[in-house]
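Below is one structure, written out as structure tokens; comments come after it.
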Ligand SMILES: Nc1ncnc2c1ncn2[C@@H]1O[C@H](COP(=O)(O)OP(=O)(O)OP(=O)(O)O)[C@@H](O)[C@H]1O
Ligand SMILES: [Mg+2]
């Protein structure tokens, strides 16, 4: 069995509004287990679009996407939801926590959905992740009682809870100051090095990118290096 | 699908919007409460009026009608068998009103398992005399015990007791008749029968059915007194009244008895066809008002859910991004509306019951219904079952469209939009 976590074959996507145009042009690439990859490129070159396709949330494309050697193209909504739940952790530029729940419950939510661990086990696990991210004393706060950097750390803990194959981030530090983005980067790096976690991050931050294992550069919907 | 998780999310979303939730639920409560009290009242009214009719009309009445002989001689003739025969100016044949073989028929009927009770009766038109005036009326000669068990006649006796009729030559007269002739209990009334017999009867009571036309002409005596008045034997009777176990079988059984005993037979349904229409209309009105109220409540729920969905777009996007499927999201919102519907509905049943109790004690005094003191209510549990079913169905339908919309939310669009 090969080591590929994620692979695309001839991935092409069009937008039809306001007029038809090709956002992604025949993208073929793969990411191996344990790699820490950053995607860079000019604004509007299609980085986010690519990430949404890889995340299986956007299913309107041509070509193939394989997650853990399994072709996910054309699968049903329920199956894709399960794949996302089990294999993919997300961190967005904006934190997107559920305002109804406290930090701890937000972290536990994907785990509760997966239903592999009991609630107590999950709570323990979630607490562990929050502790690693220095957030355990904030666990019972609601999202609106947290700072931007703190929210982003809760979001990272949530991405980790189901022990996913890959963590994806779309400018996860874009909304944070230098100090906080350094901290988020350190967390990612630590995850990659110590836990062999596969990470794919879209970023504008050149300094951030330069510290990753591999940089994918995009231009006009194509990978140029 | 993880039911407990879906429930938990729905609960938390509702709690965040408690005020609107309560308003939506109150809409349902109001609709159901109104529905329950209205249906209970209308049905109470129906029961009252049904009772009025049922106590007057037997399920099946057997009697002899004056009418022409059905098989005229020409039809029996072999010679004209294949012809079409026109006969004009047929006159009815008076076979007398008496039912022949009455005792045998009663015995047969009493053995029939479908028949609850049998009451024979003698009905005859008479003239009542009061000074110089004559008033036409009717005397019902009844078998006291049977009549009481079939029609609860004592409910309609304003003065006196039904058992007083057991005395010889006693009579209970209608309230209208009593007023017209200025008679009261203890007086003696003079009567002429169609055959010219004269008799004096002692008034032992005054009855009031509640229908003026009847109270103006009807009087009641025992069957033996009536037979004596008419100078007939003790097997003379003009009507046999039946009460059945199942009133729905009346039309069919009436048909059966008609041919079996060669008598005329009329069933309750046919006799009260017009009355049935009134009952049905009252039922339709109460149900349609209830449904309309619930539809209004349904729109309320639809609105609040739609609003909630716009408010919770981010939450929906994040749920989907972290692995909740469209159908999970749909169930969350369906559950939201179900919670509103069930809570609103249960409170509605409760308040509906309270309102019914209140209406139940409001005085309702009418001269025509001596035994009724307050507004009639019917507390049939089936109304409550229908009510809660209505509430749940309405809220589910109202919640379905918003829920489907929520399930189709494209998370990419929301996440990009930020
Ligand atoms: N829903 C849409 N309909 C039509 N065009 C779109 C839509 N979303 C994005 N685009 C276009 O597709 C292109 C790629 O967008 P995308 O968001 O992937 O860029 P990006 O590389 O992530 O840029 P940035 O670095 O600014 O986030 C852009 O030209 C954008 O205008
Ligand atoms: Mg982008």
| task | Can you work out which of the residues in segment B:400-412 that are in a helix (DSSP H, G or I) and more than 10 Å from every other protein chain (Cβ to nearest Cβ) is farthest from ligand 2 (Cβ to nearest atom)? | result | B:400
| query | How many residues does segment B:339-362 contain that are crowded, with 18+ Cβ neighbours inside 10 Å and closer than 19 Å to residue B:8 by Cα? | reply | 4
| query | Listed residues B:294, B:319; which is within 14 Å of chain A (Cβ to nearest Cβ) and either farther than 17 Å from residue B:22 by Cβ or within 25 Å of the chain's Cα centre (by Cα) (or both)? | reply | B:319
| Could you list, in sequence order, the residues of segment A:114-138 that are over 17 Å from residue A:96 (Cβ atoms) and not in a helix (DSSP H, G or I)? | A:115, A:116, A:117, A:118, A:134
| task | For residue A:133, indicate whether it is closer than 16 Å to residue A:199 by Cβ, surrounded by 19 or more Cβ atoms within 10 Å (Cβ to Cβ), more than 14 Å from every other protein chain (Cβ to nearest Cβ) and in contact (Cβ under 8 Å) with a residue 24 or more places away in the chain. | result | yes
| Condition test on residue B:417, is it more than 16 Å from ligand 1 (Cβ to nearest atom) and either touching a helix residue (DSSP H, G or I) at 6+ places or on another chain (Cβ under 9 Å) or touching a residue at least 12 places away in the same chain (Cβ under 8 Å) (or both)? | no
| request: Tell me which of these residue A:60 doesn't satisfy, since it passes every other one: (1) over 30 Å from residue B:407 (Cβ atoms); (2) within 14 Å of chain B (Cβ to nearest Cβ). | output: (1)
| Listing of helices (runs of 4 or more DSSP H) fully contained in segment B:158-247 that carry 2 or more residues being closer than 16 Å to residue B:124 by Cα and under 37 Å from the mean Cα position of the chain (by Cα) | B:212-215, B:223-230
| field | Given (1) surrounded by 17 or more Cβ atoms within 10 Å (Cβ to Cβ); (2) within 24 Å of residue B:96 (Cβ to Cβ), number of the condition residue B:210 does not satisfy | value | (2)
| said: For segment A:12-51: of the residues being touching a helix residue (DSSP H, G or I) at 6+ places or on another chain (Cβ under 6 Å) and within 15 Å of residue A:199 (Cα to Cα), which is farthest from ligand 1 (Cβ to nearest atom)? | reply: A:36
| task | Determine if segment A:111-122 includes at least one residue that is touching a helix residue (DSSP H, G or I) at 6+ places or on another chain (Cβ under 7 Å), touching a residue at least 12 places away in the same chain (Cβ under 8 Å) and on the phi > 0 side of the Ramachandran plot. | result | no
| query | Would you pick out the residues in segment A:57-68 that are in a strand (DSSP E or B) and in contact with a helix residue (DSSP H, G or I) (Cβ under 7 Å, 6 or more places away or on another chain)? | reply | A:65, A:67
| Which of the residues spanning segment A:75-113 are more than 13 Å from the chain's Cα centre (by Cα), assigned to a helix (DSSP H, G or I) and facing chain B (nearest Cβ under 7 Å)? | A:77, A:78, A:81, A:82, A:109, A:110, A:112, A:113
| Filter result for the condition that a residue is surrounded by 15 or more Cβ atoms within 10 Å (Cβ to Cβ) and touching a residue at least 40 places away in the same chain (Cβ under 8 Å), over A:86, A:69 | A:86
| Among the residues of segment B:284-294, is there at least one that is touching a strand residue (DSSP E or B) at 6+ places or on another chain (Cβ under 6 Å), farther than 26 Å from residue B:50 by Cβ and in contact (Cβ under 8 Å) with a residue 24 or more places away in the chain? | no
| query | Is it true that residue A:59 is over 16 Å from the mean Cα position of the chain (by Cα), closer than 26 Å to residue A:193 by Cα and more than 16 Å from ligand 2 (Cβ to nearest atom)? | reply | no
| said: So, residue B:33, is that one under 16 Å from residue B:295 (Cβ atoms) and either assigned to a helix (DSSP H, G or I) or away from chain A (no Cβ under 14 Å) (or both) or not? | reply: yes
| field | Matching option when the condition is assigned to a helix (DSSP H, G or I), free of Cβ contacts under 8 Å to residues at least 40 places away in the same chain and outside the structural domain of residue B:230 (by TED's automatic domain parsing), among B:81, B:19 | value | B:19
| said: So, in segment A:1-56, exactly how many residues are within 14 Å of ligand 2 (Cβ to nearest atom) and part of a loop (DSSP other than H, G, I, E, B)? | reply: 6
| query | Consider residue B:415 against the criteria (1) within 16 Å of ligand 2 (Cβ to nearest atom); (2) part of a loop (DSSP other than H, G, I, E, B): it satisfies all of them except one. Which criterion is unmet? | reply | (2)
| query | So which of B:376, B:402 is crowded, with 22+ Cβ neighbours inside 10 Å and out of contact with any strand residue (DSSP E or B) (no Cβ under 7 Å at 6 or more places or on another chain)? | reply | B:402
| request: Starting from residues that are farther than 16 Å from residue A:98 by Cβ and within 13 Å of another protein chain (Cβ to nearest Cβ), keep the ones in segment A:149-162 and report whichever is surrounded by the most Cβ atoms within 10 Å (Cβ to Cβ). | output: A:160
| note | If we take segment A:139-225, then helices (runs of 4 or more DSSP H) inside it with 2 or more residues that are touching a strand residue (DSSP E or B) at 6+ places or on another chain (Cβ under 6 Å) and away from ligand 1 (no atom under 16 Å from the Cβ) are A:148-160, A:178-195
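The values are calculated or read from the model by the stated rules, or taken from the named source; none is laboratory data. What you are looking at is a predicted structure, and each value in this text was computed from that prediction instead of being measured. Because the Cβ atoms are built from the backbone with ideal geometry, glycine has one as well, and the counts that use them run over all protein chains shown.
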